[in-house]
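For reference, the structure is listed below as structure tokens.
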């Protein structure tokens, strides 16, 4: 309850009135979070109006398709954000920013003004790890897909009473063909608008995409993938911290005291799907690295990544990357050792990851 009265903006702030009302029909906002619901209700009216304005003045990207997008993959807290922010420094690539993923229907017409207004309503750093945050920092396309089609496991963080229902959107495998088609259409619509807006090759990041390879290859057959992994113990501890920080600001319902079972269930589901489908990625379209190696030798790892995926000569971006790394103030959080029972549960759920990437148990 410590953050109960805070109403920080999040991706739900981009929902239209019709989408928000549908969520309210399906979920109950608990009394102690009615003030958050009131803010989202007001913003939904603005979003519906902004969408109408954009539809009237912006060109429709009906014949535009994203060409060979680069997807950054990996479980939450595995270093995906750091790697994503580095790749977004490449002037040949374009990453969607926080305003664009929250306002995927209207950013083309409204970003120039609205982003300045909303910037004052968000913190300067992420609450879970002090990474810089702003309307123009690179952000997950998962939020845009959630706004466009309402199919994301992140809904379970705002409505924990139905978290199990929303988990099916992690891998999409238990979704109906109609739902998967709608998800794919949302991906196409958003990436087409971004491509038209930027004129560049896209770099995208959503940890959940790690479990959707078979579908991403169907929608983007020329896509390239970068997968980063990290010691499962560190990932588990850091994901616990994520749930205990970010979710306080997203939730509209009372949350369970312990999330371990949910974290481990999603960890196993994501990696089971990854290990099953990674072989489907064409040769030369996948590069894998570890978080630990990126920390030890970031420039060497980036150089290898550029060579592996044929992203062009690394020399053209090396100075930019070195500048970004020199100003990196982020330090990993430190956590207490796991209890014996938590460690046993982790080893059971993450056994294939410990083995595949040779992490010590």
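Computed from the coordinates by the stated procedures, all read-outs in this text should not be read as laboratory data. This one's a predicted model, so the numbers in the text were calculated from it and none came from an experiment. A quick note on method: Cβ atoms are made from the backbone with ideal geometry, for glycine too, and the neighbour counts reach across all protein chains shown.
Calculated mean residue ellipticity at 222 nm for the chain: -16500 deg cm²/dmol, from DSSP H runs with n ≥ 4 weighted as -39500 (n - 2.57), summed, divided by the residue count and rounded to 500. Put a dot 7 Å past the Cα of residue 275, heading toward its Cβ, do the same for residue 68, and the two dots end up 3.2 nm apart.
What shape does the chain take by its C-alpha gyration tensor, where a ≥ b ≥ c are the square roots of the eigenvalues and a/c under 1.5 counts as rounded, a/b above b/c as prolate, and the rest as oblate? Rounded.
Per residue, the average separation of C-alpha pairs within less than 8 Å and at least 6 apart gives the chain a relative contact order of 23 percent.
GNM remark for the chain: springs join alpha carbons under 10 Å apart, and the peak mean-square fluctuation among 97, 27, 47 falls on 27. When the Cα gyration tensor is reduced to axis lengths a ≥ b ≥ c, the ratio a/c is 1.5 or higher for the range 243-318, and with a/b above b/c it is classed as prolate. Taking each residue as 0.36 nm, the span from residue 89 to residue 288 lengthens on full extension beyond its C-alpha to C-alpha distance by 69.7 nm. Apply 1/(1 + (r/R0)^6) to the Cβ-Cβ distance of residue 198 and residue 354, taking R0 = 45 Å, and write down the FRET efficiency to the nearest 0.05. Efficiency, rounded to the nearest 0.05: 0.70. In terms of its alpha-carbon gyration tensor, the range 233-361 comes out prolate; a/c meets the 1.5 threshold, and the first ratio a/b outweighs b/c. Of the beta bridges in the chain, as assigned by DSSP with both residues counted there, near 10 percent are antiparallel. In the elastic network of the chain, a GNM with C-alpha springs shorter than 10 Å, the most mobile of 296, 260, 141 is 296.
The relative contact order of the range 250-345, computed from alpha carbon pairs under 8 Å that lie at least 6 residues apart in sequence, is 19 percent. Among 245, 80, 233, the ranking by other beta carbons within 10 Å of each residue's beta carbon, starting with the fewest, stands as 245, 233, 80. Under 10 Å, Cα contacts only: if you run a Gaussian network model on the chain, which one of 227, 188, 30 comes out with the highest mean-square fluctuation? Between 227, 188, 30, it is 30 that shows the largest mean-square fluctuation.
Ordering 60, 283 by the number of other Cβ atoms within 10 Å of each residue's own Cβ, fewest first, gives 283, 60. Arranged from fewest to most other beta-carbon atoms within 10 Å of their beta carbon, 200, 348, 205 become 348, 200, 205.
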